[in-house]
Amino acid sequence: MSDFALGTFALLDSATAVELVGFAGFDFVVVDTEHSAATAPFGASLLTMLRAATAGGIPAYVRVRANDPAMIATALDLGCAGVIVPGISSAAEMRDAVAAATWQPRGSRGAAPFGRMHRYGFTPLDLERDTRTPLIGPLIENEAAFSALDEIAAVDGIGWLWFGHFDLAVSLGKRAPLEPDDEIEAMRDRLHEVARARGIPAAAFTWNGATAVQLARRGARYVAVSADISLLANALRTVRADAGR
């Protein structure tokens, strides 16, 4: 199945790992600054990984650490292809995130025409293009966010909806958040319905390629499978098991 984008998360804080994702034929990588060493204020670490994604021929999206205007603006100024915002619980919070991603006067972000986003000035300034909201959207990962899903999805400027099944399960008090759960899957289907109605793509995380195909058939347009750190750990376990250790 080819009508969805296949990616993975990068948590190793490794440019080489990001580059490998591209060389392996994936469609995108999500640099996770919330749960890795590549945290705000980012610095050279994030920039190096974004450059590695370019070298690997794939777009790099950034999950910022929080709904923070400086973090969102920095990730975009450094040239990421889009932003995932965790911890969103209301439409008002999502509007703040969209404003942080968007140049004035449509938003609150400061203009930066000489950064990596504009190839250090070699991409000419185009205010009609540059004042549009870049790709940004929420990670729906708590009960409050799901309750406000329709209102959040209606925020002008949202480019995608990510379903955060693990944290959502934890927020609902699930005892086994990694296991399949009918309530969580019904919530996922509801997010897909809302995304379709709004004409925006739904996105998801899962642990293997077979499940990625299933999620795509159910409506996900972006699916991130596992993370570099987990893929490496699983490969190491396999080698050890094959060697009888």
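The values are calculated or read from the model by the stated rules, or taken from the named source; none is laboratory data. Please read all numbers here as calculations on a predicted model, not as lab measurements. Note: ideal-geometry Cβ built from the backbone for every residue, glycine included; neighbour counts use all protein chains shown.
When the residues of segment 46-62 are narrowed to those that are assigned to a helix (DSSP H, G or I) and in contact with a strand residue (DSSP E or B) (Cβ under 6 Å, 6 or more places away or on another chain), which ends up surrounded by the most Cβ atoms within 10 Å (Cβ to Cβ)? Looking at residues that are assigned to a helix (DSSP H, G or I) and in contact with a strand residue (DSSP E or B) (Cβ under 6 Å, 6 or more places away or on another chain), I get Met49. From the residues in segment 118-145 that are over 16 Å from Ala66 (Cα atoms) and within 18 Å of the chain's Cα centre (by Cα), which one is surrounded by the most Cβ atoms within 10 Å (Cβ to Cβ)? This residue is Pro134. One residue alone among Gly7, Gly43, Gly25 is crowded, with 19+ Cβ neighbours inside 10 Å and either farther than 14 Å from Cys80 by Cα or at pLDDT below 95 (or both), and that residue is Gly7. The set of residues in segment 180-195 being of a type outside the set (A, V, I, L, M) and closer than 16 Å to Leu215 by Cβ consists of Pro180, Asp181, Asp182, Glu185, Arg188, Asp189, Arg190, His192, Glu193.
Starting from residues that are of a type in the set (Lys, Arg) and not in a loop (DSSP other than H, G, I, E, B), keep the ones in segment 63-119 and report whichever is nearest to Phe163 (Cα to Cα). Per the criteria, the residue is Arg63.
Based on this model, can you work out whether Leu191 counts as at pLDDT 95 or above, part of a helix (DSSP H, G or I), crowded, with 20+ Cβ neighbours inside 10 Å and of a type outside the set (Val, Ile, Thr)? Answer is yes for this residue.
Taken over segment 171-214, the residue count meeting the criterion of being of a type outside the set (Gly, Ala, Ser), farther than 14 Å from Leu149 by Cα and touching a residue at least 60 places away in the same chain (Cβ under 8 Å) is 2.
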